[in-house]
1. Counting other beta carbons within 10 Å of each Cβ, put B:Phe247, A:Phe224 in order, fewest first.
2. Using per-residue counts of other Cβ atoms within 10 Å, averaged over each peptide, order B:494-500, A:432-438 from highest down.
3. Among B:225-235, B:165-175, how do they line up from the highest to the lowest mean number of other beta-carbon atoms within 10 Å?
4. Work out the mean other chain Cβ neighbour count within 10 Å for the residues of B:404-412 and drop it here as an integer.
5. Listing A:Tyr372, B:Tyr113 from the residue with the fewest other Cβ atoms within 10 Å to the one with the most, what is the order?
6. Quick check on my link table: of B:Lys626/B:Lys671; A:Lys708/B:Lys215; A:Lys46/A:Lys254, which ones sit more than 20 Å apart, alpha carbon to alpha carbon?
7. Across the residues of A:423-435, average count of Cβ atoms on other protein chains within 10 Å?
8. According to the Cα gyration tensor, what semi-axes, each the square root of 5 times an eigenvalue, does the equivalent ellipsoid of the range A:343-421 have, listed from largest to smallest in whole Å?
Amino acid sequence: MGQPKEAAVIILDCGRTMAAKLDDQDDTKTHFTLAKDAVIDQLKHKLLLNPKQQLAVVCMGTQETSNSMHDEVEGEGYHNVTTLRYSSNKTGLGDGSVRLVKEVMDQGCEDAESNLLDALFVACDLLSKGNTYLGKKYKKMIFLYTNGLCTFDPAGEEDGIAALLDKMKEMECPLYTIGIGFTGDTDITAGGGSGDGGGGGAAAASAGGTGADDDGHRAKVEGFLQDMANKTDGIVQPSTNVLDNLRLFMKKVKLQRTKYREILQIHPNMKIPVWSYIKCKREPLPTAKKKLKVPTEDGDQVRTDTQYQKVGVGDDEDDADIQLMDIAKGFRFGETTVAVAEHQIENITKYQCDRNMVCIGAVSASDIPSHYLMPPCECVVAEEHNKPAAEALAAVAQALEELRLYLICKYSYCKNAQPKLCILRPEAKRTKKCLYLNPIPYHEDMRTLDFPNLEAMKAPSEAQLNAVDTLIDSMKMTKHTGGEGEDDEEDEEGVKGSDELLRPRDTYNPTNQRFFQALLVRAFDPQAPIPELDEKINSYLRPDTELASAAQPAVDQINGAFTFQKVEAKAVGRKRYWREVLKQKDENVFHADLENLKVEGDDDGMGGQRVPKVEEEDDSEQQLPADKRTKHTISTGQTIKHFNDLLDKAKTDHEVSDVFEAMAFCIEQLIDDREGGGSRRAFEAIEEFRSKSIDKTKPQQFNDLLRKLYGRRSDLVAEIQHKGIALITFEECPGPGAVSLAEAQQHLSASETPAAASAGQQQQDNDDDELMGTIT
Amino acid sequence: MSEFEGGGFEQGEESSGDFDYGESGAFEGGTDLAGGSDAKEWHRSREAVLFAVDCSEAMFDKKDTPVEVSEGPIKTLRNEKRTVFEDVLKTVCEFMKTRIIRGSRDKVGVMLYNIGAKCVLELGDGFNGIHVLKADGQAGELQVPDAERVAAIEKVGDWTLDKIHSEFKECDPKAKLGEVFWLASTLFSRTDIKKTHNCRLLVFTTEDDPVGRHKAAFDFAVQRAQDLQAEADLELFPMQPDGREPFNFDTFWSDVLQVGEEDHPELTAALKLGDLKQRIWSREFKQRTLNSLTFEIAEGVEVAVCMFTEVLPQRPPTAIKICTDDNTELKPKRVITDLSGASVLPESVETYFEYGGEQVKISKQEIAQIKKFDEPGMKLLGFKPKSSIKLDHIVENSKFIYPNENRVKGSRVFFSALLRKMIERDVVAIVRLIPRANATPYFAALVPQRESKKLVKHIEPSGFHLIGLPWAEDIRHLQLGTHHVAVMDSQDATEADQADPHAIIKDHDEWREQVKNAKKMIRGMKIDDFHPQQIPNPMLQRHYQAIESLALGDELPSSMSQEVLPPPLTMMQGSLPEDAIKFRQSVYGDELVPKPAAGKKRPAGGGGGGGAKKPKIDPDSLTKDKMKEMIADDSIQTLTNDNLKAFLRENNLPVSGTKAVLVQRVKDLLK
């Protein structure tokens, strides 16, 4: 986005009348300091926001004389006018620069007559000289800072003034006057007379001479300037209005430039020539440049180059960089890398399409909610000076508005640009009928989200709803004054004074503003620290203080109605399987875990999975009772490896028990799953389990498992017996749950029926109890 | 590269690919998340999707299927005879291609069951009746899709029942469904896929009662499905060819899927052919959190929210660099050099901004300091009526906000109350948002969204849409007077309007007649049930079509250079040409396209006046001598960039850079 080219001359009154004090208390503040500070601010901002501007400052009332007009007439005329500018050209304006600003800073109020007309002639001359090389694309303007007490004698200058006016009109150059003590200036109440009375030295003397006529003189000057402003589309403003605005909120000047000038094809039989402008787009900060800290012979410039290396090669290896000739272009297609020949690249990357905006249908406005709209928004209007097109576009906008429809169109803003899918929304205000264009997502751009319904879940109580209601009431950022149509007429003009807080139009980006502040400070003092953020900007990053204090009762109500409890971030937990929970339930210890059972879609909130799952805090494992500790699972895929891994990690007795428990469960799974189909893995696992049980002297769980298995199908028992897997005996491992050798052998040889086995198991359990009794 | 280039304003979008996100990269796009480790639990960065496709007889019923056909520039739907099986496999291919287009590194696998093959893994006896598709020379069953794999699966789509019967005779084709689930679990467990991926099994079948009355088989299947669902998602896509019995969920699947019908109303309706694609779309992606933030209601009152991407434009990828020796991808490395070409350490470089002809030094750290305002989070500033959100003020793609109960208990019930009341009062909440550490703040509106299930293909969940608001700098004030935007009915015109030279004041009857004609034309263009989901991006589609062809060594499609209109929509069905012509005549008279009034007309392309066109210079006339002359009188500046580039190219010099750089290069050459 370009910036408009501007050429400005600022006239600063430095004459003795400007030495008038602003108020009686402070000697340092005079009309001149006020004007000078304003000029400096204006220059600083101009440099920042529109660096392409051509600038010069004309000081009138200086003791020296240095200006182009004076030189031309060999020492005569146009005295006491000094031109400050920086340019390689001998005449005309110069680039805005920090040096110019510094020079204005050094300028003092001098003891000389300031002649308004002389200064205006010099300014106009600068611009018109500039005109020869600046061309018409530069927008020219003259700013004048004065208190209106300068010398002004139109007598005998009528011809000159007429010529000046003609010249300014020809250049379309308005005159903007910032008048100190002019009509409407509220801060400078002292006015000319009393101010001058307080002035010292020469200023007082001079002022004394004109003192009686002060008010009349100022009025005369003001009248003249007002007349000039009227004739050149300029403006006369009292200083109070302008100066405050200058300090804060800097907005870059943007050139209004079309993005698209072509046909809008609403229907193959109905085409409208349109122009489109970007309406709203994020404004980025300027780009930082790089240079060497210590310049070399070639200067301090640096370049950023891209070198290429093979993946997996370290950065430090010298010959890692691939030579340019060995590099080709390509694309990824999933995992495949496809090399593309140079002549094919264009064929693939360039999508051929014309510059056009073609409607493909109309859709109900309710089908396109606001969250589908993507930036940037463009304003589509009829071609300039084309009344029939404007009428057609207005009729379409009106029709769309009345039908509550949007148009859908395909839009390529230039040839071969990626076509965007867009909607055209109507704007059918009385004084503005146009279409707004917003891109909408294609199928590939959309993400489908799925969450449990907030409204279907546990309903908030009446008290909670009331609390929220009160909150909304007390934190309203708009006051209901007018109706809906309030916004109607002020749209483009940006009329202020609405009751809405933080209206986007009046709210400036704090980051940009802070950056500009920092840049301005640094430009004039390289050692200065980054300034703190201006309190005015900072204030709207916080909730409005009035609003916040008004909302306090509502907040208290919220606090009373809701309980918010922070959950500390927990370590990544292991998942437990549902089947374990079921198993525990069978063992009647499940109730302890019920609280931990989370059914997604009801409690978890993020709706990721619909599977009931158990989560647990495993960071406090040591302190928890046994039934609350982490439960392991062993995969049926690599049972033995997994089992051994877990066993290695298990440190306490309890943990080993847990692993054994998981293993027993896993073995049962393996046997169940294969339907007794002789799974090799199941038996390998059983054997491993047996040996590890002996190692750890914990035979109880293994024996329990084996008894359980004995109690099952006869083919399984036969296989166990065949493989010689027996209960663990006292001889092998003297731990709780071990059996006598006789009993083990009995199981190995006997072929029991399930019923008998269960009876046997019952018996065994009793035996175990006795056994435990004897051991303990 | 600049500190500000794009930075700070890109609000941490999900990346479209180039990131190598390992397990730690739970948040794509390198979003720097402060203290959100809990989010990793539910949202792993990648997905592993396994398709299980039934190969029983019913899957090979041939039926009419609507198929997209390109006729010249417009795509239309035409019915074609296809089998359910073919349709499913085609959809799987589409699914893989979409993944590729989105640049995701997700793994995809396909298994066929009820087929006479045996799937044997390293351990165990193998699974009867199941065949897992593998591309030649590839190891794992679940792979990041590539061209070969897509092509292989596309070919499988053409298989007939006869071919399957004749080629796969290893064992009884009847597979146990429990084994299908078991095999899926096993595949997900291998190489720890389940630890780093969100695993999903999508089952496509016509069979509503796959186990019959066999109790053991039923229990086995249910048990296996439960096991699977403890670590992965199981989703059913019931297929119902015409003329078959309706798919009955109660016989088997309702026990396996473990979800009530109220959660999945769409499950009760079996799929017709052709619906499949849309159903897959709607389930295409698992949502991933973009950010996990605190939401400060007032001082000391905080709830927690998660932020999700709703809309993210996908652009065609830029070309990567490949080493010609072995066709491997090369990684770029940015180096800073001085003008002599010697590389420079980053420490010896400083940053500055130009201001008024001076270089103003502001270091990187200071820029970071300028951009830092507060800790990441959302802060409630107040409420405004919904109408205060102007649609022409859209500056960000919208995000979705949902309460995060895992960080602050009570968040959800608060949001539930807030949602109800905000909808009731028709207001939006204005918040200040700092999406992540070191991001710049912006204001946004939270727009409440009630759950709506208007269409099967797209469900709007309940929650809040977050719509970024512009700053004053972002809004442009347009001067549109000369475009005659003030067109009005004479009955509405005020005196001021009469005086406005740009206003067009229309006679009431004439104006209403024109509007009536426009309405008639537009009504004819109306599309019902529109959703952007219906329209794929033609440029992306074409790009990947071309890459796919190249990857498989095919010819580039002939339609490459031709523009394709995006819609599969039937263009303006009901709109008669007469309506449009009538409207045109009412505003333009006999003209087809009106010309602007004579007088001021800015030349196209130039802003604020353009000036005379530079005279064309024949590039061949630019000899070295001529250049030297031009350098001497500085008329080299009048040459166009094309001229300069042509000259540089002829002298084997680089042609990159701005005009100043080009001129300098020419000067250096002729020094």
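Quick note: the coordinates plus some simple rules give every number you see, no bench work behind them. Since the structure is predicted, the reported quantities are computational estimates derived from the model, not experimental observations. We place every Cβ from the backbone using ideal geometry, glycine too, and count neighbours over all the protein chains shown.
1. On the way: B:Phe247 21, A:Phe224 17.
By the 10 Å Cβ count, ascending: A:Phe224, B:Phe247.
2. Numbers: B:494-500: 11.3, A:432-438: 25.6.
In decreasing order of mean packing, B:494-500, A:432-438 become A:432-438, B:494-500.
3. B:225-235, B:165-175
4. Numbers: counts 3, 5, 8, 5, 4, 5, 6, 5, 7.
The shielding value for this peptide is 5.
5. Numbers: A:Tyr372 22, B:Tyr113 28.
Result, fewest neighbours first: A:Tyr372, B:Tyr113.
6. On the way: B:Lys626/B:Lys671 14 Å; A:Lys708/B:Lys215 22 Å; A:Lys46/A:Lys254 13 Å.
In this structure, A:Lys708/B:Lys215 lie more than 20 Å apart at Cα.
7. Numbers: counts 2, 0, 2, 0, 3, 2, 3, 9, 12, 5, 6, 6, 0.
Average neighbour count from other chains, rounded to a whole number: 4.
8. Values: eigenvalues 162, 68, 21 Å².
Computed over the range A:343-421, the values are 28, 18, 10 Å.
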